[in-house]
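The values are calculated or read from the model by the stated rules, or taken from the named source; none is laboratory data. Worth saying up front: this structure is predicted, and the values here are computed from it rather than measured. With ideal geometry, Cβ positions are generated from the backbone for all residues, glycine too; neighbour counts draw on all protein chains shown.
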Ligand code: SF4
Ligand code: SF4
């Protein structure tokens, strides 16, 4: 079995909630408490994943990855006082992704993590934030709308395999809550 398929199989049988560092957030995730209770808790997200969540239409690398992405989006949409810590390192979505090896993204080879970090950095710079910045959902979503437009998305994401589907562009134009 190739290593990617074996990683996908491993993830599909994993309890993703065990990978969430915050104890209370982990409990909520495990109990599928997606609609409330997240106020004041922090979820760590790779900065460029802010764009990816706008473009989500149920597609992804494995069923565990899609489920994790869907849950993350549900939590963000339902909890405006949730705090998001923006990072340029692997996050909960990476933990559920078959392309993570150790603590790095290896989707396009061993140098991929560097490129992904640069992308995270570009998104942070568009938003005027730094790695480690923490911001509430209710402040973050309008900030994304104000600071990142279609041209930025094309410049940053033009090489991504999902870009040509147009979902990320549509999602960004529409906004996550629409
Ligand atoms: S084009 Fe790719 S990297 Fe960019 S937002 Fe969409 S899925 Fe994410
Ligand atoms: S490991 Fe790479 S491809 Fe997978 S979610 Fe993280 S950044 Fe995206």
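Checking residue 178 against (1) at pLDDT below 95; (2) over 21 Å from residue 65 (Cα atoms); (3) touching a strand residue (DSSP E or B) at 6+ places or on another chain (Cβ under 9 Å), which single condition isn't satisfied?
(3)
I'm told residue 105 meets every condition in (1) crowded, with 19+ Cβ neighbours inside 10 Å; (2) over 18 Å from residue 6 (Cα atoms); (3) touching a helix residue (DSSP H, G or I) at 6+ places or on another chain (Cβ under 8 Å) except one. Can you identify the failing condition by its number?
Single failed check for residue 105: (2).
Identify all residues within segment 149-168 that are farther than 15 Å from residue 116 by Cα, within 16 Å of ligand 2 (Cβ to nearest atom) and surrounded by fewer than 10 Cβ atoms within 10 Å (Cβ to Cβ); write none if there are none.
Passing the criteria: none in range.
Tell me the residue from 152, 120 that is within 24 Å of residue 70 (Cβ to Cβ), in contact with a helix residue (DSSP H, G or I) (Cβ under 9 Å, 6 or more places away or on another chain) and part of a helix (DSSP H, G or I), please.
Details: 152 fails: within 24 Å of residue 70 (Cβ to Cβ).
Step by step, each of 152, 120 is checked, and only 120 is within 24 Å of residue 70 (Cβ to Cβ), in contact with a helix residue (DSSP H, G or I) (Cβ under 9 Å, 6 or more places away or on another chain) and part of a helix (DSSP H, G or I).
Conditions: (1) touching a strand residue (DSSP E or B) at 6+ places or on another chain (Cβ under 7 Å); (2) in contact (Cβ under 8 Å) with a residue 24 or more places away in the chain; (3) within 11 Å of ligand 2 (Cβ to nearest atom). Residue 81 meets all but one. Number of the miss?
(3)
Give me the pairs: first residue in segment 103-132 and over 20 Å from residue 153 (Cβ atoms), second residue within 16 Å of ligand 1 (Cβ to nearest atom) and outside any loop (DSSP other than H, G, I, E, B), beta-carbon distance under 6 Å, and six or more apart or on different chains, which are they?
104/113; 106/112; 113/105; 131/87
What's the number of the condition residue 97 fails, among (1) over 15 Å from the mean Cα position of the chain (by Cα); (2) modelled with pLDDT of 90 or more?
(1)
Looking at segment 121-137, can you tell me whether even one residue there is buried (at least 18 other Cβ atoms within 10 Å of the Cβ) and under 22 Å from residue 61 (Cα atoms)?
There is no residue in segment 121-137 that is buried (at least 18 other Cβ atoms within 10 Å of the Cβ) and under 22 Å from residue 61 (Cα atoms).
Scan segment 51-73 and give yes if some residue there is within 15 Å of ligand 2 (Cβ to nearest atom), surrounded by fewer than 15 Cβ atoms within 10 Å (Cβ to Cβ), at pLDDT 90 or above and under 14 Å from the mean Cα position of the chain (by Cα), otherwise no.
Yes, the conditions are met somewhere in segment 51-73.
Applying the selection to segment 137-168, what residues are more than 16 Å from residue 126 (Cα to Cα) and near ligand 1 (Cβ under 9 Å from one of its atoms)?
Once the filter is applied, which keeps residues that are more than 16 Å from residue 126 (Cα to Cα) and near ligand 1 (Cβ under 9 Å from one of its atoms), segment 137-168 yields 158, 159, 160, 161, 162, 163, 164, 165, 167, 168.
For segment 74-93: of the residues being assigned to a helix (DSSP H, G or I) and buried (at least 22 other Cβ atoms within 10 Å of the Cβ), which is farthest from ligand 1 (Cβ to nearest atom)?
75
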